[in-house]
Amino acid sequence: MKNDIIFNLLKVHQRIENACKISGRNPKDVQLLLATKTVPAAKIKIAIEAGETLMGENKMQELRDKDFELKNMPVERHFIGHLQTNKVKDVLKYVSCIQSVDRLNLADELHKQLQNQNRKLDIFVQVNTSYEESKFGLPPDEVLSFIKKIKSYETLNIKGLMTIGLLDVEKQKMIPSLRLLRTIRDEIYAEGIEGLTDLKLSMGMSQDLELAIAEGSNIVRIGTSIFGNRFLGKEIWNENIAE
Ligand SMILES: *Cc1c(COP(=O)(O)O)cnc(C)c1O
């Protein structure tokens, strides 16, 4: 088990480096986030001990279950799953960043809880760039006005944009949903909003890592290629099921 994970990590880092080389990017500008849903803490620890410093969970329950084993490890925990407003308070106990902010009532609740705690939080705005009903995220054409609204919430540090790209066996079909996230970022930049001049793109998973890097990704979120398949049989992406 241990050797498998370490070997897989090496392969993933090689994939990242190759993709950077091909697109003329600096590998330092692409961070690897361990996507750890359904992965037991013991396995996550192996990856952390091998030098990984960033992980993302999709469910409050898993954050809580693994907290005892991970809280003293040198790893930054992000939340990358769909977040219900009634779970905000609990999730805030465990994470330093929420990558899945996708609606105003969630931003409102975060702002309220963070104000109570006198604390700030890094966030990413999740965008549904594949326009699939199975995914969460803001519709692309609502991102700019959403960002303008939450820009006044001083508790939220807007770090960037996140998407789950369209997954397909055909590469060409996966590119547009990744490219769109970058286009949206450029549109935000064009507005010249103060403080929003360095937005990161969180995109790319096991299947589309290389494509995402070619489109400018700064954080690739990888689960399967590191920890193995989560389900037996063919896995069809659905955030509702993945939750
Ligand atoms: C599961 C998950 C990933 C990783 O997907 P893999 O295909 O296993 O690499 C990335 N992002 C999110 C939001 C996820 O839920």
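Among the lysines of segment 97-243, pairs that are 8 or more positions apart or on different chains and have alpha carbons within less than 20 Å of each other number 22.
Computed extension gain for Asn118 through Ala50, at 0.36 nm per residue and net of the alpha carbon distance, reaches 21.0 nm.
Counting Cα-Cα pairs of segment 1-96 in 5 Å increments starting at 0 gives whole-percent bin shares of 2, 12, 23, 21, 17, 13, 8, 4, 1. Compactness ratio for the chain: Cα radius of gyration over 2.2 N^0.38 Å (N = residue count) comes to 0.97.
Counting only protein heavy atoms, what percent of the accessible surface of segment 2-227 is carbon or sulfur at a 1.4 Å probe? Within segment 2-227, the accessible surface is 47 percent carbon and sulfur.
Let me know the charge dipole size of the chain about its Cα centre in debye, to the nearest 20, where only the beta-carbon of Lys, Arg (+1) and Asp, Glu (-1) is charged.
Approximately 500 debye in magnitude.
Considering only Ile226, Thr197, Gly160, and ranking their Cα positions along the charge dipole of segment 2-227 that arises from unit charges at the beta-carbon of Lys, Arg, Asp and Glu, the one farthest toward the positive end is Ile226.
Near Lys200, the amide H atoms lying under 5 Å from its own belong to Gly160, Leu161; only residues 5 or more places off or on other chains count, and H is placed 1.01 Å from N. Normalised per residue, the accessible area of segment 2-227 is 47 Å², obtained with a 1.4 Å probe and no contribution from ligands, DNA or RNA.
Using R0 = 30 Å, the C-beta based FRET efficiency linking Asp186 and Asn157 works out to 0.90.
The values are calculated or read from the model by the stated rules, or taken from the named source; none is laboratory data. All of these numbers come straight from a predicted model, not from anything done at the bench. Reconstructed Cβ throughout: ideal geometry from the backbone, glycine too, with neighbour counts over all protein chains shown. Ligands, DNA and RNA are excluded from the accessible area calculation, which covers all protein heavy atoms including side chains. Shrake-Rupley method; radii C 1.70, N 1.55, O 1.52, S 1.80 Å.
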